[in-house]
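Everything below concerns the one structure shown next.
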Amino acid sequence: MRNIKQVYPSIQVYLNYLQFEKRYSNHTITSYELDLSQFFSYLEDNYQTPPLKEITSSFIRSWLASLVEAGIVARSIHRKISTLQSFFKYQVKIGEFLATPVINITRPKMNTRLPEFVQAIDLSVLFEHVTFSDDWKGKSEKLILQTFYDTGIRLNELITLSIKNVDFYNQQIKVLGKGNKERIIPISANLREALKDYIESRHHVKEGVVNVFITEKGVPFSRNAVYDIVHQYLSLVTTIKKKSPHILRHSFATHLLNNGADLNAVKELLGHSSLTSTQIYTHNSIEKLKDIYKKAHPKGQ
């Protein structure tokens, strides 16, 4: 089977645009590439490889129908539709299309899924009672967990966090989020001191490494290494199914809202472009209110 990017060179042109102009992360670009490769491979297998300009919405609907028949979950299909929307929007931008063929596409209904989070009491156990080793490994692991929970940053934002973007004087950090968007996140005095001590203790860093978090070998942590750290320690304190860095982000947002934080403020802290993305966390707050009502009100049962 031919390389689909050779059959449709526009795919690589678009991926280059995401990398060099939009400055998307490698992880995000890989997701886009996978979705596009699947779509265009489907066209190659089922429609004799139509030229790019001859692709219509009927081709897209046919592909989406095949995904539904294959049992692909609605959330994944939504992502693939978004990928095609972005790809063909770019084709319109550069003059390859007059209008995007991703029109009147019916998205499969998604069940509302409340974000899982770790209970505050469980995280207190993690930070106050779980033993971390006294070496650099243990020091790094505890600070990684603390930074995730105290700031709500994403995995990629943590591993790329630069020393120059830690502002000890103003007690804040600057992170580079999705779409290359910068945002400022305040940090607690406790985290500021922990970061300061950690950075000042770096005596084994490889030349040219500016990342805050480094391994015993003096190089930046990989995504997989950080994921494994979070999974390992959350497994000690919680039984929830998912134990990932993103769960700590969910916990950060949920605990803020449960304690009365303003929704717009949480949106800015998370780096969401739309309030809609943040509002899902209010459902957990509502569930907590319902539970309090049932337990406290005479007629609550």
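The values are calculated or read from the model by the stated rules, or taken from the named source; none is laboratory data. For clarity, every value in this text was computed on a predicted model and none was experimentally measured. Note that each Cβ is placed from the backbone with ideal geometry, even for glycine, and that neighbours are counted across all protein chains shown.
Just one of (1) surrounded by 14 or more Cβ atoms within 10 Å (Cβ to Cβ); (2) assigned by TED's automatic domain parsing to the domain that holds Leu257 fails for Leu67. It is (2). Looking only at segment 235-254, count how many residues are crowded, with 20+ Cβ neighbours inside 10 Å and either small (Gly, Ala, Ser) or more than 19 Å from Ile159 (Cα to Cα) (or both). Result for segment 235-254: 4.
Tell me, which helices (runs of 4 or more DSSP H) wholly within segment 201-289 include 1 or more residues that are closer than 15 Å to Ala120 by Cβ? Let's see the steps before the verdict.
Details: elements: 223-237, 245-258, 263-270.
The qualifying helices (runs of 4 or more DSSP H) are 223-237, 245-258.
Tell me, please, whether a residue that is out of contact with any helix residue (DSSP H, G or I) (no Cβ under 7 Å at 6 or more places or on another chain) and surrounded by 14 or more Cβ atoms within 10 Å (Cβ to Cβ) can be found in segment 113-121. Yes - at least one qualifying residue is present in segment 113-121.
Being touching a helix residue (DSSP H, G or I) at 6+ places or on another chain (Cβ under 9 Å) and either in contact (Cβ under 8 Å) with a residue 12 or more places away in the chain or surrounded by 15 or more Cβ atoms within 10 Å (Cβ to Cβ) (or both) is the filter here, so list the residues in segment 191-201 that pass it. Residues satisfying the conditions are Leu191, Ala194, Leu195, Tyr198, Ile199, Ser201.
The set of residues in segment 169-209 being of a type outside the set (Ser, Thr, Tyr) and touching a Lys or Arg at 6+ places or on another chain (Cβ under 7 Å) consists of Gln171, Val175, Gly177, Gly179, Asn180, Glu182, Ile184. Would you say Tyr24 is crowded, with 18+ Cβ neighbours inside 10 Å, in contact with a Gly (Cβ under 9 Å, 6 or more places away or on another chain) and hydroxyl-bearing (Ser, Thr, Tyr)? Judged against the criteria, Tyr24 is a match. So, Lys89, is that one closer than 30 Å to Ser251 by Cβ and outside the structural domain of Gln279 (by TED's automatic domain parsing) or not? Taking the combined requirement at face value, the residue does not satisfy it. If the condition is being free of Cβ contacts under 8 Å to residues at least 24 places away in the same chain and exposed (fewer than 13 other Cβ atoms within 10 Å of the Cβ), then segment 74-88 contributes only Ser76.
The residues on offer are Phe88, Phe117, and the sole one that is modelled with pLDDT of 95 or more and within 27 Å of the chain's Cα centre (by Cα) is Phe88.
From the list Leu195, Leu176, which one is modelled with pLDDT under 95 and farther than 16 Å from His231 by Cα? It is Leu176. No other residue among Thr49, Thr106, Thr56 is surrounded by fewer than 13 Cβ atoms within 10 Å (Cβ to Cβ), hydroxyl-bearing (Ser, Thr, Tyr) and over 29 Å from the mean Cα position of the chain (by Cα) apart from Thr56.
On inspection, Ser235 does not qualify as among the hydroxyl-bearing types (Ser, Thr, Tyr) and either at pLDDT below 95 or within 20 Å of the chain's Cα centre (by Cα) (or both).
What residue, of Ile185, Ile153, Ile144, is assigned to a helix (DSSP H, G or I), among the aliphatic types (A, V, I, L, M) and either at positive phi or surrounded by 14 or more Cβ atoms within 10 Å (Cβ to Cβ) (or both)?
Ile144
Given the criteria closer than 27 Å to His27 by Cβ, surrounded by 12 or more Cβ atoms within 10 Å (Cβ to Cβ) and not assigned by TED's automatic domain parsing to the domain that holds Lys243, does Thr100 qualify? Yes: the conditions hold for Thr100.
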